[in-house]
Amino acid sequence: MPFQPGPKPTAETYGLDQWRDLNIDQQPTWSEHPDFAASIKELSTVPPLVFAGEVDTLKARLAEVAEGRAFFLQGGDCAETFEGATADKITARVKTLLQMAAVLTYGASMPVVKMGRMAGQFSKPRSSNDETREGVTLPTFRGEMVNGFDFTEEARVHDPKRMVRGYHTSASTLNLIRAFTGGGFADLRHVHSWNMGFASNPAHSRYESMAREIDRAVKFMEACGADFDGLKTTELFTGHEALLLDYERALTRIDSRTHRPYGTSGHFLWIGERTRGLDDAHVDLLSRLQNPIGVKLGPSTTPEDALALIDKLDPEREPGRLTFITRMGATKIRENLPRVVEAVEGSGAKVVWVSDPMHGNTVSTPSGFKTRNFDDVVDEVRGFFEVHQAIGSHPGGLHVEMTGDDVAECLGGAAAVEEAHFADRYETLCDPRLNHMQSLEIAFLVAGYLAREH
């Protein structure tokens, strides 16, 4: 709906603070902290991290996914760290995402919308407010935008100044991402040469055939003299869970073009399984923003839950507005997902369906490490495709926790990670991630599923 001339709209016009009167879960206890007001004031006046026009572009790209004409890839850290925002680590993550996207583009024979779980993923919901070790109880670690990982009273204080540091760390991350995607780093010919190195590893020989097919396609384009922008540059958007509503509200801006509110902390914001209560604060605030919105749907999701979320978050049934990220678990997806998809598809709503095969498959080893079995991750993705193929809906995307580094956090894969490797290469502060090789392996597997779809 176009903006109608009249009084300049304000936060009150759009009810941007009504969430404060609603039930709210998973929030820090920092409102009485002496630095809270100053931190919120600073965040309310700094430049936006992303721009409204970029957000609109992403929504248009996701509309293509919703219509079955594109695929959506999102990947990145479980929880970013401030120390991890180095050029080398950001480069490795972006490189891995671009490699995955190149393979998926070939398999799907359609564009891939690329998004980093980056530049804002500094907080995590937790199942308990407190953690006890050797008789000492302290607040749980909630991500570096809230408190520190070290098990000390000082580190575990909920400190609002961390939001400001999170903003500046996100800004530097975005700056590097923009330089990469527009400055030649993302050239498809370079990206594909990296994948040929992956496929040459004997452990990945099963993927060599597809890699060589892609290689021939790239060489064909070069021989034809193709040198268009799509070969040399790419779009890479960013998204994160909009968990800390103090931070999200402070970075909400009313766009000067459309006079509508946008969350400018990231292009894409999602609501977690733990905070998707229909009448709760997270759903209320995000329902008022123009960004494309995601919602995580766990195994307890009913068709009625999904339809009610559509009515609340996408009342105008706008393709690209709403993404459902399903995280059912490998043992439950084939049983629980079909009825939800059938209800939504039957309603006529155009949502983007994305598989998160990570969060429903977390287990603990006898030695106490949280991990995921690569075979379970793959099985959930396979189940996701099977369900959509049976219903006739579009399996629109993949959402994974991954890193570009050679960590050992998820068990298995062709170049098998074993529990014995955890002692030296387990680095995550929260949930286990796919490493570089496992991420590429799942991209080749999904590309195979997509090729069969078409």
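The values are calculated or read from the model by the stated rules, or taken from the named source; none is laboratory data. From a predicted model like this one, the values you see are computed outputs, not experimental measurements. Note: ideal-geometry Cβ built from the backbone for every residue, glycine included; neighbour counts use all protein chains shown. When the accessible area is computed, the model is the full protein with side chains, heavy atoms only, and any ligands, DNA or RNA have been set aside. Shrake-Rupley method; radii C 1.70, N 1.55, O 1.52, S 1.80 Å.
Couple of notes before you dig in:
- Net charge of the neighbourhood of Gly53, taken over other residues with C-beta under 9 Å away and scored Lys/Arg +1, Asp/Glu -1, is -2.
- On the principal axes of its alpha carbon atoms, region 100-171 extends 56, 28, 15 Å, with the longest extent given first.
- Built amide H within the under 5 Å cut-off of Ile293, gap 5+: Leu322, Thr323
- Within the accessible area of the chain, the carbon and sulfur atoms contribute 50%, probe 1.4 Å, all protein chains present.
- Only Lys, Arg (+1) and Asp, Glu (-1) charged, at Cβ; region 1-128 dipole about Cα centre in debye: 500
- Value in Å of the Kirkwood radius, where region 276-409 supplies the Cα pairs that are averaged: 15.7
- Here region 100-174 is treated with +1 on each Lys and Arg Cβ and -1 on each Asp and Glu Cβ, and its dipole about the Cα centre works out to around 420 debye.
- Stokes-Einstein diffusion for the chain at 10 °C, viscosity 1.306 mPa s, with a Kirkwood radius from C-alpha pairs, works out to 70 µm²/s.
- Note on region 11-139: dipole from Cβ charges, positive end direction compared against His33, Ser128, Ala102; the farthest Cα belongs to Ala102.
- Alpha-carbon geometry of region 25-132: the Rg and the Dmax are 18.2, 55 Å, given in that order.
- Averaging the sequence gap over all C-alpha pairs within less than 8 Å and six or more residues apart, then dividing by the number of residues, gives region 405-444 a relative contact order of 50 percent.
- Convex hull volume of region 344-400 per residue (C-alpha atoms, cubic angstrom): 81
- Compactness ratio for region 385-442: Cα radius of gyration over 2.2 N^0.38 Å (N = residue count) comes to 1.40.
- Set of aspartates and glutamates with alpha-carbon distance to Lys332 below 14 Å, sequence-local pairs under 8 removed: Asp356, Asp376, Asp379, Glu380, Glu386
- Overall, the chain carries a charge dipole of about 1020 debye about its Cα centre when +1 sits on the Cβ of Lys and Arg and -1 on the Cβ of Asp and Glu, all other atoms neutral.
- Within-14-Å neighbourhood charge of Trp19 [Cβ basis; K, R +1; D, E -1]: -4
- Highest to lowest packing among 113-125, 441-453, scored as the average C-beta count within 10 Å: 113-125, 441-453
- For the chain, hydrophobic long helices are taken as DSSP H runs at least 18 Å long by C-alpha position along their axis with mean Kyte-Doolittle hydropathy of 0.0 or more; these are 52-66, 87-108, 374-391, 436-453.
- Translational diffusion of region 216-330, estimated by Stokes-Einstein from the Kirkwood radius over alpha carbon pairs at 25 °C in a medium of 0.890 mPa s, is 150 µm² per second.
- Pairs from Lys161/Lys312; Lys95/Lys312; Lys59/Lys370; Lys59/Lys124 whose Cα-Cα separation, in the structure shown, is over 31 Å: Lys161/Lys312; Lys95/Lys312; Lys59/Lys370
- What separates the Cα centres of region 94-130 and region 320-338 is a distance of 17 Å.
- Total formal charge among the other residues, if their Cβ is under 11 angstrom from that of Gly266, Lys/Arg +1 and Asp/Glu -1: -2
- Helix-only mean residue ellipticity at 222 nm for the chain, each DSSP H run of n ≥ 4 adding -39500 (n - 2.57), per residue, nearest 500: -12500 deg cm²/dmol
- Heavy-atom accessible area per residue - the chain, 1.4 Å, Å²: 41
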